[in-house]
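The values are calculated or read from the model by the stated rules, or taken from the named source; none is laboratory data. Just so you know, these numbers come straight off a predicted model, no measurement behind them. Using ideal geometry, Cβ is built from the backbone for each residue, glycine included, and neighbour counts are taken over all protein chains shown.
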Amino acid sequence: MNKTGKVYLVGAGPGDPAMLTIEALRLLQTADVVFHDDLVSPGILALIPSETHVESVGKRCGHASVSQQQIHSLMINAAKEGWSVVRLKSGDPLIFGRAGEELDALRSAGIECEIVPGISAAFGAAARAGIPLTDRRLASKVLFLSNHQCAGRHLLDRHGALSEDTTALIYMPGAEYQELAAKLCADGLRPETPCLIVSHATTREQRVHATTLANLAEAPHYPAPVLLIVGSVAFRF
Ligand SMILES: C[S@@+](CC[C@H](N)C(=O)[O-])C[C@H]1O[C@@H](n2cnc3c(N)ncnc32)[C@H](O)[C@@H]1O
């Protein structure tokens, strides 16, 4: 009987293959199976040997081509075959990547798993935009936020959670910029707060637009994936 394999939750970084960790590259080149999200860039998929089984299990705009339950079953069944399985996620696997659900499913099935961190989109975006996320003169807090509306929840649960010394990293900001700016101001930011819209961070398609919360509604809608960096630190761009 086969020895049970192992599942690695691996971060692919924000897009530029140069931002993969050495461990992520090693695993991609030795895995038997790779299940990847839609946002993993073609340049990174090109590093996987041609004999490896590679399968997209991505979701676009919340529409799943493969359900979360199916993803769990695919990983569990592949590990039970004795295979080395890479579950490849964009950015860092622990940030807005359903890692919690996947780890629960794998552990309940008795499958060994390991997490390999990656560079989250906000870190790639800030680096390429040339701004710090903290600055002891301006920002002492960083908040990772998702504006994904599927659960019907608000961006933040209580007003006043943001303040002038917060840098807010907003993943999945959606298209309703006016509404988003209003929520951020209600949550404690000033309308003059600088804001960067970063699309396709770290790739050749990267675009950055600098604005303020007061003017966010007039900002261009760049192609997804898009991330917003909101806070005083963004004035430098
Ligand atoms: C499901 S979340 C995954 C986040 C990922 N785990 C991370 O750590 O970056 C997907 C969102 O991340 C952001 N994102 C991912 N890659 C990006 C990139 N290269 N440029 C800008 N935003 C990106 C976008 O807001 C996108 O809608």
* Asked: Does G188 meet the test of being modelled with pLDDT under 95 and farther than 30 Å from A12 by Cα?
  -> yes
* To do: Please give the number of the condition S146 fails out of (1) within 17 Å of P14 (Cα to Cα); (2) modelled with pLDDT of 95 or more; (3) small (G, A, S); (4) within 14 Å of the ligand (Cβ to nearest atom).
  => (2)
* Hey, can you tell me all the residues within the range 1-38 that are farther than 18 Å from L74 by Cβ and at pLDDT below 95? => M1, K3
* **Residues of the range 42-94 that turn out to be modelled with pLDDT of 95 or more and part of a loop (DSSP other than H, G, I, E, B), as a count** => 15
* To do: Sort out which residues of the range 96-118 are touching a Lys or Arg at 6+ places or on another chain (Cβ under 9 Å) and assigned to a loop (DSSP other than H, G, I, E, B), and write them in order of number.
  => G97, R98, A109, I111, G118
* **Members of the range 198-221 found to be more than 13 Å from the ligand (Cβ to nearest atom) and among the polar types (S, T, N, Q), listed by number** => T211, T212, N215
